[in-house]
Amino acid sequence: MTAVAPSSRILARLAGLSYLGIIVLGLGAELALRLPIASSDDLPGALADHTLLWRLGIAADLTMATLDIALALLLFRLLRPFGPDLALAALVLRLVQMAVIAAHLPLLASALTSTEPQALIDRHAAGYDLGLWFFGLNALVMAVLLRRAGAPRLSVLICAAGFVYLIGSLTRFVAPDLNALMQPAYLIAVVAELSLALWLLRAPRSLCD
């Protein structure tokens, strides 16, 4: 019996769903679950009072990382016809980004029992921004692939998001004051990634021919 490979339309929609899941889980973990606790004036007390919510944030990040691996493979399958080497580069850069971010998740778990939780949370945030450097490079490669795939406007958005991630990561380590000023620019990245997720859900003909 010969196995039948899933169609490109199904792969595109799975990629879109995975992307939406990543966006929801990433923003939910950071803004809805962690931020209210991490911004407390009594951080050790807040962690003790909201341990379950903090652990749920870590679980959301782990789930996001799993979806990101699946998305990287799906995008490679879908975009390989538009440039095999570029598609492979995008795959590797996305996986490196997620590996760096996942490697810093234990710091959040350790913060629950540490006498200096803020230092661990700050190290996690720095690790996250380090991972986003590779994601910025991934976005620039993706922009080229999307243009070849017949989505020029989306490619411009993704390219802009890539520069936001690169500048954000760079300023985090070399110009922290400037990094604080550019935080609103991350809205561009959210819009770009949401647009890409919706484009994939539509299963455009250029991907499915």
Worksheet item: Quick one: if you take sqrt(5λ) for each eigenvalue of the C-alpha gyration tensor of the range 87-202, what semi-axes come out, biggest first, whole angstrom?
Response: 29, 16, 12
Worksheet, complete the sentence: Quick calc, the range 42-121, dipole around Cα centre from Cβ unit charges on Lys, Arg (+) and Asp, Glu (-), nearest 20 debye, gives 420
Fill in: For the range 17-92 versus the range 163-202, the gap between their alpha-carbon centres in whole angstrom
15
Practice prompt. With an 8 Å cut-off on Cα pairs and a minimum separation of 6 or more residues, tell me the relative contact order of the chain in percent.
Written response: 26
Worksheet entry | Theoretical gain in end-to-end length, residue 123 to residue 43 [0.36 nm per residue, Cα-Cα removed] | 27.3 nm
Worksheet item: At residue 92 and residue 173, where each label point lies 7 Å from the Cα along Cα→Cβ, what is the point-to-point distance in nanometres?
Response: 1.9
Practice prompt. Quick one: angle between helix 51-79 and the longest Cα principal axis of the chain, in degrees between 0 and 90, rounded to 10, please.
Written response: 20
Response to the item:
For the range 100-209, whose charge dipole is built from +1 on Lys and Arg Cβ atoms and -1 on Asp and Glu Cβ atoms, the candidate among 167, 108, 206 with its Cα farthest towards the positive end is 206
Worksheet item: Which three semi-axes in whole Å describe the equivalent ellipsoid of the range 146-209, each the square root of 5 times a Cα gyration tensor eigenvalue, listed largest first?
Response: 30, 10, 7
Worksheet item: Taking the Cα atoms of the range 67-125, what is the range of coordinates along each of the three principal axes, in descending order and whole Å?
Response: 52, 16, 10
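Charges only on Cβ, +1 for Lys and Arg, -1 for Asp and Glu: so what's the dipole of the range 100-209 about the Cα centre, in debye to the nearest 20? Please report the intermediate quantities before stating the final value.
Working: 7 positive and 6 negative charges, 111 e Å.
Charge dipole of the range 100-209: 540 debye, to the nearest 20.
With contacts defined as alpha carbon pairs under 8 Å and 6 or more residues apart, what's the relative contact order of the range 87-178 in percent?
Worked out over the range 87-178, it gives 29 percent.
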Worksheet entry | Candidate residues 193, 116: accessible-area rank, largest first, probe 1.4 Å | 116, 193
Practice prompt. With a 1.4 Å probe and every protein chain kept in, tell me what percent of the accessible surface of the chain is carbon plus sulfur.
Written response: 68
Response to the item:
For the range 97-161, the Debye formula with one identical point scatterer on each Cα and no solvent gives log10 I(q)/I(0) at q = 0.22, 0.23, 0.25 Å⁻¹ as -0.80, -0.83, -0.91
Worksheet, complete the sentence: Where a ≥ b ≥ c are root eigenvalues of the Cα gyration tensor, a/c under 1.5 meaning rounded, otherwise prolate if a/b exceeds b/c and oblate otherwise, the chain counts as prolate
Discussion item. If you count only protein heavy atoms and use a 1.4 Å probe, how large is the accessible surface of residue 182, to the nearest 10 Å²?
Written reply: 30
Worksheet item: Do you know the relative contact order of the range 140-186, to the nearest whole percent, from alpha carbon pairs under 8 angstrom that are 6+ apart?
Response: 29
Fill in: Hypothetical label at residue 163: residues of the range 175-209 whose amide nitrogen lies under 14 Å (7 Å Cα-Cβ projection)
185-186, 188-189
Item to complete: Could you order 11, 112, 194 so the one with the most accessible surface comes first? Probe is 1.4 Å.
Response: 194, 112, 11
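What accessible area per residue comes out for the chain, rounded to a whole number of Å², with a 1.4 Å probe?
Working: 10760 Å² over 209 residues.
Accessible area per residue, the chain: 51 Å².
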Discussion item. Over the Cα atoms of the range 1-123, each weighted equally, I'd like the Debye log10 I(q)/I(0) at q = 0.16 Å⁻¹, rounded to two decimals.
Written reply: -0.81
Discussion item. Taking the Cα of residue 188, stepping 7 Å toward and past its beta carbon, and measuring to each backbone N in the range 153-170: which are under 15 Å?
Written reply: 154-170
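The values are calculated or read from the model by the stated rules, or taken from the named source; none is laboratory data. No experiment lies behind these values; they were computed from the predicted model shown. FYI the Cβ positions are ideal-geometry reconstructions off the backbone, even for glycines, and counts take in every protein chain you see. Side chains included, ligands, DNA and RNA excluded: accessible areas come from the protein's heavy atoms. Shrake-Rupley method; radii C 1.70, N 1.55, O 1.52, S 1.80 Å.
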